[in-house]
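Worksheet: the structure to be examined is printed underneath.
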Amino acid sequence: MITDIKVIAFDADDTLWVNEPYFQETEARFCSLLEDYLPHHTVSQELFKTEMANLSLYGYGIKGFMLSMIETVLQVSENTANPEIFHRVLEYGKEMLNKDIELLDGVEEVLKALFGKYRLVVATKGDILDQERKLKKSGLEHYFHHIEIMSDKKEKDYLKLLKHLDCRPESFLMLGNSLKSDVLPVLALGGHAVHIPYHTTWVHEQIDHTIEDPRFYQFNSMADILPHLIS
Ligand SMILES: [Mg+2]
């Protein structure tokens, strides 16, 4: 049993619902769109570089991704791309924004089981309007006491959340698919962190070392956590 937990925070993208595969699908279509200019992997590298350069300006989410795709079109085509290509990019982005929500296995069962026993919150990065829309569409909103849409998930961002929730780090458990965003900063503050890996992870979220911490737990699926939280 993991004891003395009061608040359980869930990451949203690739923890509650499918997200990263949609970005990868769109990126593959985007690379095909520009294949007359450069090979796929080169376009992909250019896009990633542009995204990283823009991250502090646009933040995380689909709209920033759309702007980075547009900028990449201009770079890759040396400002000669046909307007049709820009139309396509905007369409790809709007399709992503309008996607249905696909919940991951065991999510609803776990929320139902924990509801009423802990304070449940969502702690997610991304665009506020998009994340709010996804939560509404997911049908999960009523399980959560609080929804925190964060511009980033660094220690200072979690500190702000803990303060808002009036929760000590030792009583806080964060659950998510990203070691970098959902696990490391929470452990650094003295909180508990559960990693549920998703089959694919954005390069930006990857880390290359192992984690050893008594407050760190790793499970293959969301439902595996229940025996550790409910006696
Ligand atoms: Mg995630």
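The numbers here are math on the coordinates, done by the rules we state, and not lab data. Everything numeric in this text was worked out from a predicted model, so none of it was measured. Glycine also receives a Cβ, built like all others from the backbone with ideal geometry; neighbour counts cover every protein chain displayed.
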Review point. Going by how many other beta carbons lie within 10 Å of each one, how would you line up Tyr58, Tyr92, fewest first?
Key: Tyr58, Tyr92
Check your understanding: Which entries in the list Lys125/Lys180; Lys117/Lys154; Lys99/Lys180; Lys154/Lys180 go over 20 Å, if you measure between the two C-alpha atoms of each?
Key -> Lys117/Lys154; Lys99/Lys180
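What per residue convex hull volume, in Å³, comes out for segment 20-97 when only alpha-carbon positions are used?
Numbers: hull volume 6.2 nm³, N = 78.
It is 80 Å³ per residue.
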Exercise for review: For n ≥ 4 DSSP H runs only, could you compute -39500 (n - 2.57) per run for the chain, divide by its residues and tell me the 222 nm figure to the nearest 500?
Suggested key: -13500 deg cm²/dmol
Revision key, fill the gap. Here D for the chain, in µm²/s, from Stokes-Einstein with a Kirkwood Rh over Cα pairs at 20 °C and 1.002 mPa s, works out to 114
Check your understanding: To the nearest 0.05, what FRET efficiency results for Glu108 and Ser32 with a Förster distance of 35 Å applied to their C-beta separation?
Key -> 0.45
Exercise for review: Between His164 and His145, with labels modelled 7 Å along Cα→Cβ, what's the label distance in nm to one decimal, could you check?
Suggested key: 1.4
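Normalised by the empirical 2.2 N^0.38 Å for globular proteins, what value does the Cα Rg of segment 110-231 take? Intermediate results must be reported in sequence, preceding the final value.
Details: Rg = 14.1 Å, N = 122, 2.2 N^0.38 = 13.7 Å.
Dividing the Cα radius of gyration by 2.2 N^0.38 Å gives 1.03.
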Practice item. For the chain, give the share of DSSP beta bridges that are antiparallel, in percent and rounded to the nearest 5; count only bridges with both residues there. Key: 5
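Note down the relative contact order for the chain as a percent, whole number, built from C-alpha pairs under 8 angstrom at least six residues apart.
Details: 332 pairs, mean separation 61.5, N = 231.
The normalised contact order for the chain reaches 27 percent.
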Exercise for review: Estimate the FRET efficiency between Asn54 and Phe86 by the formula 1/(1 + (r/R0)^6), using the beta-carbon distance for r and 30 Å for R0, to the nearest 0.05.
Suggested key: 0.95
